[in-house]
Structure formats: C-alpha cells, structure tokens
C-alpha cells in the first residue's frame, strides 16, 4: 500500500517538504498530529481553501490526526504575504463570526468525533499574550535581516510595512510551538505562499524543544492561465451554498479550461488516479464528458450527491435540451414590478448580476445579455410581462452565467 506522502505526491499536491525521507518514515510508523491554519478573513472558505481541506481528508483517511486551526488571533493582524497594501483590519466580532462559520464548514469534511481531529482557535492563546515575555521567548529567535529578505515582507518595503504586520510571522510561528506543546503536533502544512511563515514555526520548535518536527507546503490552486482561485479575485467560488450555489459551482467546474481537467480531477476529487488519467487523456468533444465527471464529483464532495445530481440535471436542461432546470439559480419577484416594467439595467442590478448601471450598459452594448436566448440589443429595454413564458424568464450573462426570474 502506498504511503500517504506517495499518494499526495502522485496526485500533485506537494510543493516543498523538509527532510522528506524522515517525514515519510514517521508517517508510515505512527499517527502524526499535523495542523493547518485558516485565517478568518471572510464568512466562508473558498475553492482555493478546499485544496487544503482535501489534503486534510486524505491524511485523516490514512490515520493521521488533523488540527484545524482557526486564526481568530492572527486574523487580527493579517498576513502581508502576497499583498501590496495593508489588509483591512476586521473587528473582533466579525472575526469571531467568520471563525464560527469556518468551524461549521470544516465539520462537513473532517471527522472531529472520538479525537480523530482537533479544532483550535489561536485567539485562545494569542490575544492575552504578555508582549515582553513573548518577545523574550519568541522574538529573540527571529532575525530581522532574514525576515526582510523574504518575499512576504520584501515586496511591501517600498510602500511601507508596519510593525503590526511584521509581527505576523512570529505569531504564526508561536502557533506551531503552542500546538507542539499541547498536542505533540509535529507537522505544519499549508499553501506554497506560506513557506517562509511555516519555516519560522518549524525552526522555532526545533530550537526551543530540541525535537524533530516538519513542514510541508502544497501547490496553490491555479488555472492553466496562472490565475489563483481565491477570495480576493472577481468571481470567487465559495463553499457556502448561500454564496455560491451548488449549480454555480457545478457550472464553474464544467466550464474549466481543457488543460485543467486532469489536474482538478486529481486535486479536488477522490477518483482513483487511473480514472483521473483516463479522463484527462480524452480529447476534442470527448473532454466534455470528463468535465461533467469533474463538475459532478467536486459538487458531490463539497455539497452532497443529491445537490450534484440536481446541478447536473439543471446543466443538461440548459445545454442539452433535457433534464431538470429547478436547480438553476432564481429570484422570485413581485408580478407588479413587470406590470409596470423595469429597465434591463435596473433588473440586472436587482438580481446581483451587475454592480452598476455602467457595468450593465457595457454588457448590453457588447451583446453579453440575453433573455430566453434572445440577445438584448438596447440599454433602454424595459422587461415586462410580455417577456415571460410560464411566469418565468431566463437571463444569460456572458456564456456561462444563468439566472431565472420567476413571478
């Protein structure tokens, strides 16, 4: 049987590992407690986070014990990694609310029963730290010169880096030390952009505890065009079904680039690798079959099989002329609105398809808005009862976004 490290490597997760042979031996011989942190900067995890969740599930399935660390403390500062400006400072109430939402979402994927996994929040030990004691124990082990040479900080020096943000790596490193002391945690994992932060904790534990611990990072979830899937870019895909419906998730995966199919099947599903490679090798029109499998499997893992089936039926209703369209996102509106008529630009804003009249105007002028497959030609079009068939219309934005209006 393959070791968990072999499985993660074959599926394309691993980016960097410290002392790989030692870690492989440890993972094969005993249950290893490992952790990954999630800063609570929004009220839902994203598809980008889900790659890390998949790693946790793979490792738990192999018998290891994950710690899901909610960043109630570190989020108070904000990680400067990859940013050209300072992160918006959130209130403690907002961070606590976001952390509770993360806890609920993670519990869908990770089994926390019978000590099979651990949930922690670093607010419990970071928020009441004594500054001088903390700097005496932890701060003395960090070189300012070395930290300033790291990408996380170097890219910020021209525009200004506050000491507030500079402390982030010390706090994250202390998390590792705390979890080692409390749970005998010997491995921290995270995205490849976190390598320098993770190494900070790895070095700190080794220095203070004189024990062997390890660090491992995973490739970020990016498209073939190099775009990172995360919560900061337009069109974010959230794990919360109220923010991104199962249908929208299904469509997002169904419409991925042909070049991404095999990679996403490997990283975001539990399909055997033989099947992943078979599907990824399909060409031409056949690749669409692989995309259907990808969309179904990802939606099934994130939501459930029933929602995946409904989303697939809705997709086929739109694109193949069959199936059930009930899972297509829709908005119920008062019939009186359409008795009087509503301008197309106002309707698009009302449905959340655009943020402004300017955006709506550009879409219409570029031929990007259709009602029941009829392109909207004029920005002053009024949508009225005459446009409805069976008390509904289907608005299409661009090629991939569909939304029903029901009255």
Query raised in the report: What do you reckon, is residue 133 free of Cβ contacts under 8 Å to residues at least 24 places away in the same chain and either in a helix (DSSP H, G or I) or over 26 Å from the mean Cα position of the chain (by Cα) (or both)?
Result: yes
Report summary line: Heads up, the helices (runs of 4 or more DSSP H) in the range 192-288 (entirely inside) with at least 1 residues that are more than 25 Å from residue 142 (Cβ to Cβ) are 246-254, 261-268, 273-280
Query raised in the report: Which one of these does residue 213 not meet: (1) crowded, with 21+ Cβ neighbours inside 10 Å; (2) at pLDDT below 95?
Result: (2)
Query raised in the report: Which is assigned by TED's automatic domain parsing to the domain that holds residue 33, within 25 Å of the chain's Cα centre (by Cα) and within 17 Å of residue 18 (Cβ to Cβ), of 187, 204?
Result: 187
Report task. Answer yes if at least one residue in the range 307-323 is at pLDDT below 90 and on the phi > 0 side of the Ramachandran plot, and no otherwise. Result -> yes
Requested in this report: Kindly provide the set of residues from the range 353-386 that are within 15 Å of residue 403 (Cα to Cα), exposed (fewer than 14 other Cβ atoms within 10 Å of the Cβ) and touching a strand residue (DSSP E or B) at 6+ places or on another chain (Cβ under 8 Å), ordered by number.
Outcome: 372, 373, 375
Requested in this report: Residues being out of contact with any helix residue (DSSP H, G or I) (no Cβ under 8 Å at 6 or more places or on another chain) and closer than 14 Å to residue 338 by Cβ: count how many of those fall in the range 360-389.
Outcome: 2
Query raised in the report: Scanning for something closer than 27 Å to residue 64 by Cβ, in contact with a strand residue (DSSP E or B) (Cβ under 9 Å, 6 or more places away or on another chain) and buried (at least 16 other Cβ atoms within 10 Å of the Cβ), does the range 159-173 turn up at least one residue?
Result: yes
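The values are calculated or read from the model by the stated rules, or taken from the named source; none is laboratory data. Everything numeric in this text was worked out from a predicted model, so none of it was measured. Because the Cβ atoms are built from the backbone with ideal geometry, glycine has one as well, and the counts that use them run over all protein chains shown.
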